[in-house]
1. Evaluate segment 241-253: report whether one residue or more is out of contact with any strand residue (DSSP E or B) (no Cβ under 6 Å at 6 or more places or on another chain), open to solvent by 90 Å² or more (accessible area, probe 1.4 Å), in contact (Cβ under 8 Å) with a residue 24 or more places away in the chain and of a type in the set (A, V, I, L, M, F, W, C).
2. For segment 290-326, which residues satisfy the criterion of being under 30 Å from residue 350 (Cβ atoms) and β-branched (Val, Ile, Thr)?
3. Hey, could you check segment 23-39 for residues that are part of a helix (DSSP H, G or I) and charged (D, E, K, R) and say which is farthest from residue 284 (Cα to Cα)?
4. Quick check: anything in segment 270-283 over 15 Å from the mean Cα position of the chain (by Cα), under 23 Å from residue 238 (Cα atoms) and in a loop (DSSP other than H, G, I, E, B)?
5. Give the residue that is farthest from residue 231 (Cα to Cα), with candidates limited to residues of segment 275-309 that are open to solvent by less than 40 Å² (accessible area, probe 1.4 Å) and of a type outside the set (A, V, I, L, M, F, W, C).
6. Of all residues in segment 107-134, which are touching a helix residue (DSSP H, G or I) at 6+ places or on another chain (Cβ under 7 Å), of a type in the set (S, T, N, Q) and in a helix (DSSP H, G or I)?
7. Looking at segment 324-339, which of its residues are farther than 17 Å from residue 79 by Cα and touching a residue at least 60 places away in the same chain (Cβ under 8 Å)?
8. Of all residues being free of Cβ contacts under 8 Å to residues at least 24 places away in the same chain and within 17 Å of residue 315 (Cβ to Cβ) in segment 39-72, which is least open to solvent (accessible area, probe 1.4 Å)? Just the residue, please.
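The values are calculated or read from the model by the stated rules, or taken from the named source; none is laboratory data. What you see is a predicted model, and the numbers here were worked out from it, not measured in a lab. All Cβ positions, even for glycine, are placed from backbone atoms using ideal geometry, and neighbour counts span all protein chains on display. Heavy atoms of the whole protein, side chains included, go into the accessibility calculation; ligands, DNA and RNA do not. Shrake-Rupley method; radii C 1.70, N 1.55, O 1.52, S 1.80 Å.
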Amino acid sequence: MVCPKIIRVAIIRSTQNQPIKNEDGNYDFSGFEAKRLELFLRALNLPFEIIDAEDKEYGRLLDNGSWTGLIGKIQQGLADLSINSVVVTEQKTSVVDFGPISDIDDVTFAIEKPGTYPKSLAFIRPYDYTVWIPTLILLLLMPWLLRFFLNIKHTYFYAFIMILGSFLGKFSFKNNNSQRFRIISFSWSVFGMIMTLSYSTVLLSILTVPLQIPPVKNFEELSEAVMKRNYKIIVPKGSTTLDALLYNPKKYNRFLGQAAVNNSWYYNAQSKVTKDTAAIAGRSILQMLAGSEDWKVNYLSEDSLVSFMFAPAVKKGFCYKKRVDKITNSINSGGLNLKFIRSRSFQMWITMHEERFTDTAMPLTLRDLIGSFLMLSFGLGVAFFIFICEIVCYHLRRKKRTRKLVS
C-alpha cells in the first residue's frame, strides 16, 4: 500500500480542541485536548492536515451501514486516523483499526453544587424530621403518661407546660417526692439536657459554617430530577455514551438517553453545567472542573454508568499504524495523559483564585438570625395575647361574681 504524503487527522472541535491553521500552513494548538493532539503529531513527525467532523459526532452507525462523525470520516477515506478519545467497540472494528488502549475511564456526570441553606432557617435544621416528629409526639404524650402513672391532678395544659419547661431545664412539680416520680423526672431531665445541648451545638455549627444543600448524587436521582424538576442533561452527540444510556438495562438510564435525543441535549459551544443541567462524560475529564474540593463549583457523582476503553482509530491497512502504536505506548508508559489532566486542573485552580480563597466562615449578621428573632417575636406575641386574655377573663369573672353578691 502506498503511504500518503500528508496524514489527515479527524477531530471534533470544541473549546478545548482548537487547532488553528496559520498563513504559513502550520497549526497553533489551543486547549487541553489540542495540546495532547499536538504532542502526538510532533511524535509522528509527518506532514498532516486537520479534518473537522462537521456533525461533531464521535461515530454512530446508520441504518445503511455507514458511520457518522470521526469513524465516518475514516470509513469514507476522508481521514487516516483520529485520536480524539475514540471508544473501542466491536462494531467499530469492522470499519477501522484501533491502536493500543490509551485510557480506560468510566462515565459519570457533573452538576453545579446547589450552594448552602439560608441561615435564616438554621434554627430548624439541627435535627432531621425523623427526630423532630418523635420528639414532638413524646412532648404531647408525656403529660398523659404523668397523669396516668403518677396520679398528678393538674390539668393537661399545666402538665404540658411543666414538661416543656423541664425540657429546657426548668422542671418543677411541687409536693411530689415519690420514688417513681424521681426516676421519671430524672430520666426526662437527662433526655432534655441531651436534646438541648445537642441542638445548641449543631445550631452554632450551622450558623458558623452553613450546611451544603445535597446535590443530585446518582443517575437514578438525576432521572427523577429530569422527570419532575425540569433538569437537563448534555451528552456527546452520536457517541457511545449516548448509546450506553439508550440501551441500558435500567429504565431510568434509558429515560435519560431518550430525553437527550428528543430534546437534542448535546454538547455545543454554549454548553454549560448549571444547577439544573448535568454533563455526562468521562470521569477523568469532568474531575478537572468537578469534585469535593472547595474551589470546584461542580459536584462529581460517584455513580458510574459504564466503563470504556479509548484508543486511536486508524483506517484499515494504514501504513503508519506501527508508528502510531509505538507513540501511543510511549505516551502511556510516560503517564502523559495523566500529566495533561493534572496540568489542566492546576491551571484552572490558579485562575479561580478568588473562589479558591473565599472564606466560608463569615461573621454572623442580623439577617442570619432573623428566623430565630421572628420565632422569638411570635412566641412573645402569643404570650402577650394570652396574658391579655387572662386579665380580661379575670375582670369578667370578678364582675360576674360581684353581680351575684349584689343580687
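1. There is no residue in segment 241-253 that is out of contact with any strand residue (DSSP E or B) (no Cβ under 6 Å at 6 or more places or on another chain), open to solvent by 90 Å² or more (accessible area, probe 1.4 Å), in contact (Cβ under 8 Å) with a residue 24 or more places away in the chain and of a type in the set (A, V, I, L, M, F, W, C).
2. The one that is under 30 Å from residue 350 (Cβ atoms) and β-branched (Val, Ile, Thr): 297.
3. Restricting attention to segment 23-39, the residues satisfying the condition of being part of a helix (DSSP H, G or I) are 32-39.
With charged (D, E, K, R) added as a condition, the list becomes 33, 35-36, 38.
Working: 33: 12, 35: 16, 36: 14, 38: 20 Å.
The qualifying residue farthest from residue 284 (Cα to Cα) is 38.
4. yes
5. 284
6. Residue satisfying the conditions is 120 alone.
7. Across segment 324-339, the qualifying residues are 325, 327, 328, 329, 330, 331, 332, 336, 337.
8. 72
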